[in-house]
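Here the structure comes first, spelled out in structure tokens, and everything after it is commentary.
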Amino acid sequence: MEEKAIQRMDEILEVPYTDWKPEYLYTLAELSRFFREIIDNQKLHASKCPKCSKVWMPPRGHCPDCYEAIEWVPLSGEGTVMACTYCYFIGMSGDLLKHLDLPYVYSLIQLDGADTYMAHGVKPKGQQMGEIRTGTRVKAVFRENRRGSIADFYFVPIEE
Amino acid sequence: MRRVAVVGIGTLPWRSRYADKSFRELGFAATQKALQNAKLSPKDIDNVIYSIYCETMLRQQIPTPLLQDYLGMQGASSLRVPAGAAGEGYALSAAVGQIASGMSDLTLYLAVQKGQDFYSFDTGSRGDGILKGFSISMDTTWFQPVTPGVPPYLTLFCLVPHMEKYGSPTPEQLAKVSVKNYANAYDNPESQLHQRVTVDDILNSRIIAWPTTARMCCLYSDGACAMILASEEKAKELTDKPIWITGTATSTYAVHRAEANTIGRMMGTHLAAQKAYKMAGIKKPIDELDLIQVHDLITGCEIMAYEELGLCELGGGGRLIDEGIVARDGKVPANVDGGRIANGHVGGVSGAYAACEIVRQLKEEAGDRQIKIKSGKGLMQCIDGHASLNSVTIFERER
């Protein structure tokens, strides 16, 4: 009965809605130091709990296990791929994805000195799968225009 | 605690886009079917639980009063539970809690979501608009700027580390899940894809995030689905075939705690399942469940769900697909309606559809795709993005 009702309806009208385009100006709050070091010094920092000594990446203001305020510790920017997936067809919605060619090797990276892994992109040298894999050593490369985003840097394999 | 039963269901056929229905009209159509199924009128409902995932996608913040007005249920209480693509289960838990506690006698559970109205006027592409609009669901500080979509996200955090740890599932096993779900959808008139496919068809479709190919991913869609839930007293007045919800639990796991012992697992699904089994008195799920409706956003997480739900050991999920245990005629069929791979998926709705299928199957009203009902118990599991939100619900018919 419902299907018949649809057929009797006028042609469906489709219209644009562009009146509401949200824009934001927000603070990085307790993470400001992390992003300031990226913008000013091209340097990655991690958050370390003074009580349990766990080093969290991505960083956070407080240790979720101890509830202690963290301390900032500098990292070398080098790390190891702990898992990765080659992406050959992806939605270019994120900022970084507009700046890297495919394939994009989406990876879990354990930065030297950090306990937890960070999800980020590795730019391989070639097109074929296998060059980047679990155990591959990588280093952070910083983009020219840095604006306080995780997309201000990405990773490339370290030359053997 | 009072017992809670499903006394009516209403599903709409899956379509990539309902151009002819707004979210209000989708919600209305599903509700109308559920009320008819339960032989109730809108005025009988004292409470509405909404599973609505995303406001930006609906183009409407605070949609619930608009829906409730459209449904003619003014005056009834309501609660909206958004929890990503696991929201269906989280909302169902809330609905059960409200009836069990005595806060409601007859609840409408309504899952509705427009998923295809975003558009990119920059590129002239709806797909680009959807990917961009959708991406704000991810952590906008740590994931969204660098994450190439949800299938890669689940593949990276869950599937790839699992394959490296256990040597399973293999790409062929991942493809077999798609073949199974397409085959199940073939007899479901409400599914979107009615195609016979082979393992090679699935493996040869384009690589989204290795080993996940396009045909191992769900179909993003518009959808709506409704259920009427009742207290024991009401259920017995309304139907001689109540389907009881005997266990329901959620587990919200970590997002930024990727370490050797957490990647490659869906730990929250394991924890939610243990809680739900305890509540339902299930001791050996592989022997007690007649069917499972699990979250096949990508086929890898369907196989991992078999393991986290305790149907087999960790690493053994691939064997269940190889041996046909999860096939429609197997010991514990999985996604017997076609699942998200062949029916459709949109956050907040596909799990509700999966729950309705369990109700249909347990009542033996599933037509051509009816499976054999033995113990009369079914399980619905759903997760969000990379299995940080997890829910498990057990349905049981009267013995």
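The values are calculated or read from the model by the stated rules, or taken from the named source; none is laboratory data. Because the structure is a prediction, the values reported are computed rather than measured. All Cβ positions, even for glycine, are placed from backbone atoms using ideal geometry, and neighbour counts span all protein chains on display.
Details
- In segment B:81-110, the residues that are aliphatic (A, V, I, L, M) and out of contact with any Leu (no Cβ under 9 Å at 6 or more places or on another chain): B:Ala100, B:Met103
- In segment B:121-141, the residues that are of a type in the set (S, T, N, Q) and facing chain A (nearest Cβ under 8 Å): B:Ser135, B:Thr141
- Among the criteria (1) over 24 Å from B:Met216 (Cβ atoms); (2) in a loop (DSSP other than H, G, I, E, B); (3) of a type in the set (S, T, N, Q), the one B:Gln274 does not fulfil is (2).
- Flag if B:Val150 is within 14 Å of chain A (Cβ to nearest Cβ), surrounded by 23 or more Cβ atoms within 10 Å (Cβ to Cβ) and either without any contact (Cβ under 8 Å) to a residue 24 or more places away in the chain or not small (Gly, Ala, Ser) (or both): yes
- Considered as a group, the residues in segment A:82-100 that are more than 14 Å from the chain's Cα centre (by Cα) and at pLDDT 85 or above include one that is farthest from the other protein chains (Cβ to nearest Cβ), and that residue is A:Met82.
- Among the residues making up segment A:151-160, those that are under 18 Å from the mean Cα position of the chain (by Cα) and more than 11 Å from chain B (Cβ to nearest Cβ) are A:Val156, A:Pro157.
- Given (1) buried (at least 24 other Cβ atoms within 10 Å of the Cβ); (2) more than 30 Å from B:Tyr18 (Cα to Cα); (3) in contact with a strand residue (DSSP E or B) (Cβ under 7 Å, 6 or more places away or on another chain), index of the condition B:Thr239 fails: (1)
- Among the residues of segment B:243-254, those that are within 20 Å of B:Asn37 (Cβ to Cβ) and crowded, with 23+ Cβ neighbours inside 10 Å comprise B:Ile243, B:Ile245.
- Residue selected from segment B:11-32 under the condition more than 24 Å from B:Tyr186 (Cα to Cα) and of a type in the set (Ser, Thr, Tyr), by the criterion nearest to the other protein chains (Cβ to nearest Cβ): B:Ser22
- When the test is whether a residue is of a type in the set (Gly, Ala, Ser), assigned to a loop (DSSP other than H, G, I, E, B), more than 14 Å from chain A (Cβ to nearest Cβ) and in contact (Cβ under 8 Å) with a residue 24 or more places away in the chain, B:Ser168 passes it.
- Looking only at segment B:209-227, residues that are free of Cβ contacts under 8 Å to residues at least 60 places away in the same chain and over 20 Å from the mean Cα position of the chain (by Cα) come to 2 in all.
- Options B:Leu108, B:Leu35, B:Leu40: the member that is of a type in the set (A, V, I, L, M), more than 14 Å from every other protein chain (Cβ to nearest Cβ) and either within 27 Å of B:Gly344 (Cα to Cα) or surrounded by fewer than 16 Cβ atoms within 10 Å (Cβ to Cβ) (or both): B:Leu108
- Looking at A:Gly79, A:Gly148, A:Gly126, just one residue is under 30 Å from A:Leu25 (Cα atoms), more than 7 Å from chain B (Cβ to nearest Cβ) and of a type in the set (Gly, Ala, Ser), and that residue is A:Gly148.
- In segment B:153-162, the residues that are within 9 Å of chain A (Cβ to nearest Cβ) and among the hydrophobic types (A, V, I, L, M, F, W, C): B:Leu156, B:Phe157, B:Leu159, B:Val160
- The lone exception for B:Val332 - which of (1) free of Cβ contacts under 8 Å to residues at least 60 places away in the same chain; (2) of a type in the set (Val, Ile, Thr); (3) outside any loop (DSSP other than H, G, I, E, B) it fails: (3)
- Strands (runs of 3 or more DSSP E) wholly inside segment B:180-267 containing at least 1 residues that are more than 12 Å from chain A (Cβ to nearest Cβ), at negative phi and modelled with pLDDT of 95 or more: B:223-231, B:243-252
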